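Take a look at the structure below.
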Amino acid sequence: INHIVHNGGLYKRPFNEAFEETPMLVAVLTYVGYGVLTLFGYLRDFMRQWKIEKCQNATEREEQKDFVPLYQDFENFYNRNLYMRIRDSWNRPICSVPGAKVDMMERVSHDYNWTFTYTGRVIKDIINMGSYNYLGFAQNAGACQEAAAKVLSQYGAGVCSTRQEMGNLDKHEELEKLVARFLGVESAMAYGMGFATNSMNIPALVGKGCLILSDELNHASLVLGARLSGATIRIFKHNNMQSLEKLLKDAIVHGQPRTRRPWKKILILVEGIYSMEGSIVRLPEVIALKKKYKSYLYLDEAHSIGALGPSGRGVVEYFGLNPEDVDVMMGTFTKSFGAAGGYIGGKKELIDYLRTYSHSAAYATSMSPPVVEQIITSVKCIMGEDGTTVGRARVQQLAENTRYFRRRLKEMGFIIYGNEDSPVVPLMLYMPAKIGAFGREMLKRNIGVVVVGFPATPIIESRARFCLSAAHTKEMLDTALKEINEVGDLLQLKYSRRRLVPLLDRPFDETTYEETED
């Protein structure tokens, strides 16, 4: 379904998202494919048990047979019999900077992907369509590299302490002030790991007696943080504001289970860009609901910061909203900034509280100084504080590359998910055999892609995921598109019937969020 929404002035720009329905025949054949693989898996397990086929997977030692097993053998069934067939599509060893082109070490398997052997050959100049290098700052030359090398010679590589002890450098303070200014918030705090920024800070913000409303497609770090918090978790349908409002209404009307007391806090967890769907959060509507029902909003901008908005300030700027309307602004430095770590921005009281109570602040080692300098230099470049317009040009180039690449793929007849402005571009493969085939055929043509299947996606929605970069030239994109078109014909991947149904524009009032049939 194609969504074209203006929604009564909430949106200051068209909001176009496409999620074309899976063709019925393709869905049936996909289920049949998984069924056949599962049957053969049981057959091969039977043969392994009777020593007809060599068993390659990890097993308990003979003297441990009477112990309670460390893991149930069936838990590994999918890995053994389905994933192992196409394992060569993942974990490919890169031996260069993950820029617009990469070098890859060639490897072969002589036992059906159970083990790999390196040939010693390096495959040169593979067009990199998989790394989250949105603004092209993953590079080993230029201002960022020079600044990081200078800081490395002055501060060294490691800090060997936490921020609260002997690990609080002047560079950390400079970074946090710069990030707060970049986001337009009162204060910010930086962390050494993006995943832990979510998983360790959410438990510091909510706990027992609180309610978390989480999008069904939120990242694993948000899911883990919510579970560790001890708060009650309820899931709403992906980017579905009717579903979210129904949960908010029920939470306020009914309160906590059994006692019916009001919830201490209600926290809404959403992402800026969803990394598997390529969709952008309906932030104006989420903020309107948050204000209407007096709840809090936690926004994960891991993929959207730097990649969206006229000056790269993320999904808040993309929609022209006020950063103060988002209570907790989280993001990572691992993607658009070509570095590592994460941040949380918001009111000064929030950040002061997290400095004391966050596990990531109290127990984790401080960020490495060269990494901090990489972030500082790249953020200043994006903001134009380095005296150039290179940063702004990169943001604009990424937007142009995104629209061009998405439009061309749709014209070819592929089913493409997500928002037209999202640099994450999922191309639907569906059938399990086509996951490995697509990855291998693209690598033969010197294109590096990421393929994704169950359980990371729904069982009938396997896909290839392209991540666009400002470093990609039009020639690179045209080369990639030519090869994708060729492989699409070879594997018969052009499923699109272009049955796009526009959603009627409606004013934002009580009728906007009434329950509708999916």
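The values are calculated or read from the model by the stated rules, or taken from the named source; none is laboratory data. Because the structure is predicted, anything quoted here is derived from the model rather than measured. Using ideal geometry, Cβ is built from the backbone for each residue, glycine included, and neighbour counts are taken over all protein chains shown. What goes into the accessible areas is simple: the full protein's heavy atoms, side chains included, and nothing from ligands, DNA or RNA. Shrake-Rupley method; radii C 1.70, N 1.55, O 1.52, S 1.80 Å.
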- Query: Which listed residue (LEU493, VAL371, GLN397) has the Cα farthest towards the positive end of the charge dipole for the chain, taking +1 on Lys and Arg C-beta and -1 on Asp and Glu C-beta about the Cα centre?
  - Reply: LEU493
- Item | Amide N of region 18-47 lying under 12 Å from the label point, which is placed 7 angstrom from the Cα of THR115 along Cα→Cβ | none
- Note to self: with every protein chain in place and a 1.4 Å probe, the chain gives an accessible area per residue in Å² of 47 Å²
- Message: I need the calculated FRET efficiency for the pair VAL122 and ASP250, taking r as the beta carbon distance and R₀ as 60 Å, to the nearest 0.05.
- Response: 0.55
- Item | Answer label for volume of the Cα convex hull per residue in Å³ (calculated), chosen among (1) 231; (2) 188; (3) 218 | (2)
- DSSP H segments from the chain that extend 27 Å or more along their own axis, Cα-based, with Kyte-Doolittle mean of 0.0 or above: 24-49
- Go through 476-485, 109-118 and give me the packing order, highest mean Cβ count within 10 Å leading. 476-485, 109-118
- Item | the chain - share of DSSP beta bridges that are antiparallel (%, nearest 5) | 65 percent
- Note on the structure: By the mean-Cβ-within-10 Å protection proxy, highest first, 25-33, 240-248, 407-415, 43-51 rank as 240-248, 407-415, 25-33, 43-51
- Loop only per DSSP, at most 11 neighbouring Cβ atoms within 10 Å: give me the chymotrypsin sites (Phe, Trp or Tyr not before Pro) in region 415-470, ordered by residue number. none
- Task: Measure of size requested: the Rg and Dmax of region 143-383, with Cα atoms as the atom set and Å as the unit; please supply both.
- Result: 18.0, 61
- Among the lysines, which fall within straight-line cross-link reach of LYS246, defined as a Cα-Cα distance under 21 Å, with same-chain neighbours fewer than 8 residues apart omitted? LYS237, LYS264, LYS265, LYS290, LYS291, LYS292, LYS294
- Task: State the extension gain, in nm to one decimal, for the chain segment bounded by GLU21 and GLN242, taking 0.36 nm per residue of separation less the distance between their alpha-carbons.
- Result: 77.5 nm
- Item | Distance between modelled label sites at ALA141 and LYS294, nm, 7 Å Cα→Cβ extension | 6.0 nm
- Of the accessible area of region 143-383, computed with a 1.4 Å probe and all protein chains kept, carbon and sulfur make up a percent value of 54 percent
- Put a dot 7 Å past each Cα toward the Cβ at LYS494 and GLN56; how far apart are the dots in nm? 3.6 nm
- Query: So what's the gap between the Cα centers of region 179-207 and region 439-498, to the nearest angstrom?
  - Reply: 34 Å
